[in-house]
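The values are calculated or read from the model by the stated rules, or taken from the named source; none is laboratory data. Since we're looking at a predicted model, the values are computed, not measured. Here the Cβ positions follow ideal geometry from the backbone for every residue, glycine too, while neighbour counts run over all protein chains shown. These area figures cover heavy atoms from the full protein model, side chains too; ligands, DNA and RNA do not enter into them. Shrake-Rupley method; radii C 1.70, N 1.55, O 1.52, S 1.80 Å.
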Amino acid sequence: MDAADEGQTKRSRPGPLRVAGAVALAALGVVALTSAVRFDSQAGKTASAERSPQPTTPHHLPDPVAPVDATATPSGTPTSAAAPTARPTTAPTSPPPVRATASSHPAPPRTQGPPPKPAPPRTSAPVRFSPVSVQAEDPDNTISGGARVTSCATCDGGARVRYLGTVVVYLNVPTAGTRTVTVTYEASGEREITVAINSAAPRTFTANGTSWVLPRTFSFTAAVPAGRVAITLYSETSPPPDIDKITVS
């Protein structure tokens with residue numbers, strides 16, 4: 001190598017000071033670049049935070065659950081530790097209504113008492129029989145055998161039938177039954193009179209009196225049918241009393 005080439009080579013090789021300076025400048029550039037990157041990153045985070053604020057955790061969300069700590073059981077199977085109970089975040093509600101349940105001990109059967117006594121049958125009150133009367137001189141009656149109507153101031157209705165042959169009186173009886181038949185008469189002394197109700201057997205009675213102006217009575221019981229009833233009075237053995245009226249009660 002000639003002297004010219006050697007000189008050129010020495011000029012092309014950098015010196016140690018130049019290399020060290022270059023390295024120092026490169027290091028300063030890296031530090032400056034790193035700081036700029038960090039500054040830009042921090043500025044970006046700050047701007048992002050200002051643009052979109054951090055959302056707060058709603059009050060109704062439960063606390064984060066702690067990580068599961070798996071522990072080994074004696075059999076070698078890992079089990080997870082019990083997670084902490086989350087605190088209730090809503091207002092407590094009323095407990096559901098308790099439904100009535102059937103008792104395990106059934107109620108004893110009711111003992112049935114004696115059957116109630118039947119109510120006595122209703123009986124209608126007996127109809128009161130109103131007395132029925134008819135005058136012997138009533139024009140609807142049958143007067144025969146020489147009998148005739150005569151006036152009488154003391155008689156019921158102001159008249160009577162005397163000189164009796166036969167007199168048939170008629171009455172309207174509302175209900176049948178055993179009735180009391182009363183004959184009102186006038187007589188002086190003892191006299192007989194025969195009485196027959198419809199077609200029943202006749203019955204003879206004795207009539208006693210002290211005056212032809214003083215009314216007297218005699219009575220007997222007999223079965224009297226309902227409806228129109230004919231009562232016949234006559235005498236065949238002696239003069240009969242005068243007949244004033246007939247009453248059925």
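For the range 177-220, enumerate the residues that are within 60 Å of the chain's Cα centre (by Cα) and more than 11 Å from ILE231 (Cα to Cα). Full working, then the answer.
In the first step, residues of the range 177-220 are kept if they are within 60 Å of the chain's Cα centre (by Cα); the result is 177-181.
Answer for the range 177-220, where residues must be within 60 Å of the chain's Cα centre (by Cα) and more than 11 Å from ILE231 (Cα to Cα): GLY177, THR178, ARG179, THR180.
Would you pick out the residues in the range 190-249 that are β-branched (Val, Ile, Thr) and in contact with a Cys (Cβ under 9 Å, 6 or more places away or on another chain)?
Matches in the range 190-249: VAL213 only.
Tally the residues that are within 60 Å of the chain's Cα centre (by Cα) and assigned to a loop (DSSP other than H, G, I, E, B), restricting the search to the range 233-249.
Just the residues of the range 233-249 that are within 60 Å of the chain's Cα centre (by Cα), to begin with: 247-249.
When the remaining residues are screened for being assigned to a loop (DSSP other than H, G, I, E, B), the result is 249.
The number of residues fulfilling the criteria is 1.
If you go through the range 159-170 one residue at a time, do you hit one that is surrounded by fewer than 18 Cβ atoms within 10 Å (Cβ to Cβ), over 16 Å from ILE143 (Cβ atoms) and at pLDDT 90 or above?
No: the range 159-170 contains no residue that is surrounded by fewer than 18 Cβ atoms within 10 Å (Cβ to Cβ), over 16 Å from ILE143 (Cβ atoms) and at pLDDT 90 or above.
Being open to solvent by 50 Å² or more (accessible area, probe 1.4 Å), of a type in the set (Gly, Ala, Ser) and assigned to a strand (DSSP E or B) narrows it down to one of ALA230, ALA223, so name that one. Let's see the steps before the verdict.
Details: ALA230 fails: open to solvent by 50 Å² or more (accessible area, probe 1.4 Å).
After applying the criteria, what remains is ALA223.
Looking at this structure, is VAL181 of a type outside the set (Phe, Trp, Tyr) and open to solvent by less than 20 Å² (accessible area, probe 1.4 Å)?
Numbers: of a type outside the set (Phe, Trp, Tyr): yes; open to solvent by less than 20 Å² (accessible area, probe 1.4 Å): yes.
So VAL181 passes the test.
So is THR184 over 17 Å from GLY145 (Cα atoms), among the polar types (S, T, N, Q) and touching a Pro at 6+ places or on another chain (Cβ under 6 Å) or not? Talk me through it step by step, then tell me what you get.
Values: over 17 Å from GLY145 (Cα atoms): yes; among the polar types (S, T, N, Q): yes; touching a Pro at 6+ places or on another chain (Cβ under 6 Å): yes.
Spelling it out, THR184 is indeed over 17 Å from GLY145 (Cα atoms), among the polar types (S, T, N, Q) and touching a Pro at 6+ places or on another chain (Cβ under 6 Å).
Name the one entry in PRO118, PRO174 that is out of contact with any Ser or Thr (no Cβ under 9 Å at 6 or more places or on another chain) and over 20 Å from ASP244 (Cα atoms).
Details: PRO174 fails: out of contact with any Ser or Thr (no Cβ under 9 Å at 6 or more places or on another chain).
Residue meeting the stated conditions: PRO118.
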